[in-house]
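Asker: Starting off with a structure, shown below.
Read-outs throughout are calculated quantities, based only on the coordinates presented, and are distinct from any laboratory measurement. Worth saying up front: this structure is predicted, and the values here are computed from it rather than measured. FYI the Cβ positions are ideal-geometry reconstructions off the backbone, even for glycines, and counts take in every protein chain you see.
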Amino acid sequence: MKHQEKSREYLKKKAFYDRVLTLYGRNPVLEALKDPSLTIHRLHLSRSNRPSKELDEMLRLAVDRGVEVLYHDKAKLSRISKNARQDQGVALDIVAGNIMRYEDFISKNISYRILALDRITNPQNVGMILRSAAAGKIDGVLIPAKGTAPVVSPLTIKASAGTLFRLPLLRCGDLREALRDFREAGATLFTLDSHASKSYDEVDYPAKTLFVLGNESEGVSPEVAAMCHERIAIPMNRGVESLNVAVTAALLAFCTDK
């Protein structure tokens, strides 16, 4: 009985921390503390920080919101932020209600348009993709834990223009495994190919659709491309061969009738 209680407690705790994002850098942390729509868990500060107006404002906001403030040595703060070069001695844990396991998303939705990111390493591109997805007709972005730029970084947050928390972010460990599960759930996978015969704006997209976006220089990996059902193209003029992946995402975000 005690073992079962411990297991339930562990799963509950794990489910909570699966939804926690840790921001770092003074401007992102300060802006997050000012946003009343965000649920803040903890503010982390380095003991080696020198006094500043920014830190004073962070502390004031944290106290006003009842946020726990923890102080750490520089090494531990770096382990929390996972970015010693850019954390500037501050980190903030946010409970993001828009983060979920992709398996949960599959089980709860019968119709969707998803953008899946395959090895997109530029954080600015990731941020702009999130912004376009939030603005358009996209229901979620599938983001692998490895091989893709971190969702939480100053560059990503800035490029997303505050939309990071406005649409479902679907976490997965391995993209191929997640795509396999979506396929088994009846989803149709599309990938972009400049040599494809069908234009992206001429497709009658099914109820469950995933658009797989590939690496900035190499495109979708061969292993992932082999899993996709259909290739589509974005027609281009004047000899232009390809578009920035974030621009491609923007076009796809508004191309479907929903």
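Asker: Among V67, V151, V141, determine the one that fluctuates most according to a GNM of the chain built with springs between C-alpha atoms less than 10 Å apart.
Answerer: V67
Asker: Report relative contact order for the chain in percent, whole number only (criteria: Cα-Cα under 8 Å, sequence separation at least 6). Kindly include the intermediate steps, with their values, before the conclusion.
Answerer: Numbers: 460 pairs, mean separation 49.5, N = 258.
Reported relative contact order: 19 percent.
Asker: Rank these for me by crowding, Y205, Y71, going from fewest to most other beta carbons within 10 Å.
Answerer: Numbers: Y205 18, Y71 13.
Ascending number of Cβ neighbours within 10 Å: Y71, Y205.
Asker: Let me ask something else. Looking at the chain, what % of its DSSP beta bridges pair antiparallel, to the nearest 5?
Answerer: Of all bridge pairs located within the chain, approximately 30 percent are antiparallel.
Asker: Given only helices, namely DSSP H runs of n ≥ 4 each adding -39500 (n - 2.57), what is the per-residue ellipticity at 222 nm of the chain, to the nearest 500 deg cm²/dmol?
Answerer: Calculated from helices alone, the mean residue ellipticity at 222 nm is -11000 deg cm²/dmol.
Asker: For the range 2-95, report the translational diffusion coefficient in µm²/s to the nearest whole number, using Stokes-Einstein at 20 °C, 1.002 mPa s, and a Kirkwood Rh over Cα pairs. Don't skip to the answer; put the middle values down first.
Answerer: Values: Rh = 14.0 Å.
In µm²/s, the coefficient is 153.
Asker: Can I ask one more? Where the centre of each part is set by its Cα atoms, how far does the range 32-63 sit from the range 121-187, in angstrom?
Answerer: The two parts, judged by their Cα centres, are 27 Å apart.
Asker: With a 10 Å Cβ neighbour count serving as the proxy for reagent exposure, in which order, fewest first, do Y200, Y24 appear? Provide the component values of the computation, followed by the final result.
Answerer: Details: Y200 19, Y24 26.
Going from least to most buried by this count: Y200, Y24.
Asker: When the distances between all Cα atoms of the range 148-236 are binned every 10 Å from zero, what whole-number percent does each bin get?
Answerer: So the P(r) values, bin by bin, are 14, 40, 36, 10.
Asker: Sorted from largest down, give the three principal axis spans of the alpha carbons of the range 99-253, whole angstrom values.
Answerer: So the three principal-axis extents are 39, 35, 27 Å.
Asker: Test of the criteria: in the range 181-229, which GluC sites (Glu not before Pro) are in a DSSP loop and have at most 13 other Cβ atoms within 10 angstrom of their Cβ?
Answerer: Those that pass, being in a loop and sparsely packed, are E218.
Asker: Filter the GluC sites (Glu not before Pro) in the range 21-114 down to the DSSP loop ones having no more than 15 other Cβ atoms within 10 Å, then list what survives. Don't jump to the answer; show the numbers that get you there.
Answerer: Numbers: sites: E31, E54, E57, E68, E103; in loops: none.
Here no GluC sites (Glu not before Pro) fit, given the DSSP loop and packing criteria.
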